[in-house]
1. Would you list 3, 245, 173 from fewest to most Cβ contacts within 10 Å?
2. For region 45-98, what's the radius of gyration and Dmax over Cα atoms, in angstrom?
3. Please arrange 222, 94 by how many other C-beta atoms lie within 10 Å of their C-beta, fewest to most.
4. In region 2-242, what is the count of Lys pairs whose alpha carbons are under 29 Å apart, counting only pairs at least 8 residues apart or on separate chains?
5. How large is the dipole of the chain about the Cα centre if only Lys and Arg carry +1 and Asp and Glu carry -1, each at its Cβ, rounded to the nearest 20 debye?
6. Among 3, 229, 216, which residue has its Cα furthest toward the positive end of the charge dipole of the chain, with +1 on Lys/Arg Cβ and -1 on Asp/Glu Cβ?
7. Can you give the relative contact order of the chain as a percent, counting alpha carbon pairs under 8 Å and 6+ residues apart?
8. Take the alpha-carbon centre of region 1-43, take the same for region 91-111, and report the distance between them in whole Å.
Amino acid sequence: MRMTLLGTGDASGVPVYGCECVACGKARTSNIRRLPSSALLETQCERILIDTGLTDLTVRFPPGTLTRIAITHFHPDHVLGLFLLRWGCAPPLEILCPPDNEGCADLYKNPGTLKFKQLRPYEPVFVNGLSITPLPLIHSKPTFGYCFDSDGKRICYLTDTIGLPPETRSYLMKRPCDLIVFDCSYPPREKKNQNHNTINDVLQIYAESNFKQLVLTHIGHELDAWLANNKKLLPEGMIVGADGMMIE
Ligand SMILES: [Zn+2]
Ligand SMILES: [Zn+2]
Ligand SMILES: [Zn+2]
C-alpha cells in the first residue's frame, strides 16, 4: 500500500493570494506550494483519489487511471475538481462520500459521470482486497476520515476535523495504524477554532494515543511560519506533510 500526498494546504493554500508573510514569501521564491489537501492511495489493484480540491484532475488522471474516488466532505476545497470531471465522456466513476444530502452546489443534481455512494459510519466497504472504513470526524459539515486496510497494513487519512469523536478515537486505539495523516491547520493560538486542529491539539492527541507515525496535512501559512522556527518541538514520529510526499 502506498500513499502520495498530492496537496497538503488548507482552504487558502500556501502561498496565500496577496499575503506577504514570511512563509508565503518563501513559498513564492522557492516555488514550494501547498495545494488543496488530497492524496492518492495505491494497492496492487486499486488506485483511489482521496479528495478532489485539485482543479487539474482531468490532466493528472486520464480515463481509466483511477478505480474510484473517496471524498472526506463537500467543502469546496475538497470537491472543486469534481465540477470539471463530471462533464467528461469517460466511464462512470464511483465517488465514496459521507451521507451529506446537501452536497456542494449542484453536484448531486447534475452528477454527469459521477456515481455518488454515501457510506455509513464505521461500516467498511471491501474492494479488491482493500477495506475502506469511514470514520466520522468533527467539522462544520458531515465529514469522514478513511481507514484503509490491506495486506496487514493500515493507513488512516483524517481531515478536516477538530479533535476526534470518542468513537473514532477508540476505533483507532483498538487498531494501531502504521500511518495516520491528520488535520493540523494552525499554530498554537488562544481562540479555539471549531473546524480544524492547532498544532497543540495534535500534540495532545498524539501524546494520549498509540499513534506511531503521524503526518500533518491541511497546513495553513501561519502554521508554516511557526514551523520554520519550532519544528524541533515535534516528537520523532510526527512529520510535516509536503506536496508530492510518498509514503510506502
Ligand atoms: Zn478543507
Ligand atoms: Zn502568508
Ligand atoms: Zn472542510
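1. 173, 245, 3
2. Every Cα atom of region 45-98 included, Rg and Dmax give 10.3, 29 Å.
3. With the fewest neighbours first, 222, 94 line up as 94, 222.
4. Here the count comes out as 29.
5. For the chain, the charge dipole is close to 120 debye.
6. Ranked along the dipole, the leading option is 3.
7. 19 percent
8. After rounding, the separation between the Cα centres reads 25 Å.
Each reported figure results from applying straightforward, stated rules to the coordinates on display, with no laboratory input. Source: prediction; values computed, not measured. Backbone-built Cβ (ideal geometry, glycine too); neighbour counts: all protein chains shown.
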